[in-house]
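Undergrad: Take a look at this one; I'll ask things after.
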Amino acid sequence: MTTGYDVKFAKAFFDLPIEARLTKIIDNSFPDWVNNCNTGVSLIYANACKMLEAVTEKVLEVNEDQLGDFEVFASSTAREVETGYDLYNPDTGAHVLAGTNGVAEGYFYYLETGIRCMSSDNAKFEPRWLVPEDPALVADLVKSYQRVFAVQLRFWAQDAEDYQSLYDTFKEQIKEFPKVSVVEKQLSTSLRSKLRFRPKRKEKIDLVETPVTAIAIGLEL
């Protein structure tokens with residue numbers, strides 16, 4: 001599923017410092033992650049795609065009255081990129097090729113593992129999905145779009161049994177990527193005390209205030 005918007009929204013987003021972009025991604029995604037925890041909507045893949053598309057539109061601050069060539073997408077088959085590991089399909093993002101209807105500068109923003117991070121409180125950070133492994137592919141993406149921004153997002157509830165292990169492993173892994181920018185926020189919210197991400201049932205759900213580590217990892221190619 002895709003929707004096209006005016007290229008000015010792409011320019012406005014890419015004109016922000018990387019840290020500001022990552023902060024916007026966290027702030028606009030967190031309420032949906034909380035909703036997922038407490039209602040289980042992400043267990044239905046089509047609903048997850050719709051949710052992530054809406055999150056991307058919020059991040060980019062697009063306006064439906066100003067449509068155009070800058071396509072916002074959310075689907076595992078929307079954009080295929082060969083990484084050398086296997087077929088890489090960003091979960092959500094937006095793109096416009098340079099030269100499209102006179103567009104001088106292209107833009108490609110993509111968020112990987114968005115659906116997994118939205119449907120789990122212990123989705124591991126996967127460095128291999130942050131950037132294509134093949135330098136020739138990276139060069140081709142930059143040639144085609146000029147501006148390419150790859151992002152991974154994580155929300156980790158700190159009461160998860162493997163939280164500390166996930167966090168410590170991430171800190172070690174990210175050292176291998178010196179050009180990557182990371183924004184980390186310590187948040188707190190009311191989450192189910194158990195059965196998170198399960199479909200909501202009629203019985204009363206007990207909510208407890210839960211600390212959450214939010215991490216957005218970005219790399220401009």
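The values are calculated or read from the model by the stated rules, or taken from the named source; none is laboratory data. The structure presented is a predicted model; accordingly, all values stated were derived computationally and were not measured. Quick reminder, even Gly has a Cβ in these numbers, built from the backbone with ideal geometry, and neighbours come from all protein chains shown. The protein model used for the area step is the full one, side chains on, heavy atoms only, and it has no ligands, DNA or RNA in it. Shrake-Rupley method; radii C 1.70, N 1.55, O 1.52, S 1.80 Å.
Undergrad: For the list (1) polar (S, T, N, Q); (2) under 20 Å from I25 (Cβ atoms); (3) out of contact with any strand residue (DSSP E or B) (no Cβ under 9 Å at 6 or more places or on another chain), I need the number of the one condition that N101 fails.
TA: Failing condition for N101: (2).
Undergrad: Return the residues of the range 103-161 that are small (G, A, S) and assigned to a helix (DSSP H, G or I); say none if nothing qualifies.
TA: G114, A136, A139, S144 - these are the residues of the range 103-161 that are small (G, A, S) and assigned to a helix (DSSP H, G or I).
Undergrad: Within the range 7-33, take every residue that is of a type in the set (V, I, T) and open to solvent by 20 Å² or more (accessible area, probe 1.4 Å) and give me the one that is farthest from K194 (Cα to Cα).
TA: V7
Undergrad: Those residues that are within 18 Å of S120 (Cβ to Cβ) and in contact (Cβ under 8 Å) with a residue 60 or more places away in the chain, I need them from the range 143-156; list them, please.
TA: V151, Q152, L153, R154, F155
Undergrad: In addition: Inside the range 94-143, can you point out the residues that are open to solvent by less than 60 Å² (accessible area, probe 1.4 Å), over 15 Å from L219 (Cβ atoms) and acidic (D, E)?
TA: Hit for the range 94-143 is D121, nothing else.
Undergrad: Right, here's the next one. Of the residues that sit in the range 61-93 and are modelled with pLDDT of 90 or more and touching a strand residue (DSSP E or B) at 6+ places or on another chain (Cβ under 6 Å), which one is most open to solvent (accessible area, probe 1.4 Å)?
TA: Filtering first and then ranking leaves L67.
Undergrad: Filter the range 164-221 for residues that are closer than 14 Å to P127 by Cβ, assigned to a helix (DSSP H, G or I) and either at pLDDT below 90 or open to solvent by 50 Å² or more (accessible area, probe 1.4 Å) (or both) and give the result.
TA: Within the range 164-221, the subset closer than 14 Å to P127 by Cβ is 166, 169-180, 182, 215, 217-219.
Now narrow it down to the ones that are assigned to a helix (DSSP H, G or I): 166, 169-174.
Of everything in the range 164-221, those that are closer than 14 Å to P127 by Cβ, assigned to a helix (DSSP H, G or I) and either at pLDDT below 90 or open to solvent by 50 Å² or more (accessible area, probe 1.4 Å) (or both) turn out to be T169, K171, E172.
Undergrad: Return yes or no: is E57 buried (at least 17 other Cβ atoms within 10 Å of the Cβ), modelled with pLDDT of 85 or more, part of a strand (DSSP E or B) and touching a strand residue (DSSP E or B) at 6+ places or on another chain (Cβ under 9 Å)? If you could, list the steps in order and put the result at the bottom.
TA: Details: buried (at least 17 other Cβ atoms within 10 Å of the Cβ): yes; modelled with pLDDT of 85 or more: yes; part of a strand (DSSP E or B): no; touching a strand residue (DSSP E or B) at 6+ places or on another chain (Cβ under 9 Å): yes.
So E57 does not fit the description; no.
This table checks each residue for (1) within 30 Å of Y107 (Cβ to Cβ); (2) among the acidic types (D, E); (3) touching a helix residue (DSSP H, G or I) at 6+ places or on another chain (Cβ under 9 Å).
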residue	(1), (2), (3)
D159	no, yes, no
D162	no, yes, no
Y167	no, no, no
Q186	no, no, no
F197	no, no, yes
K200	no, no, yes
V208	no, no, no
I215	yes, no, yes
L219	yes, no, yes
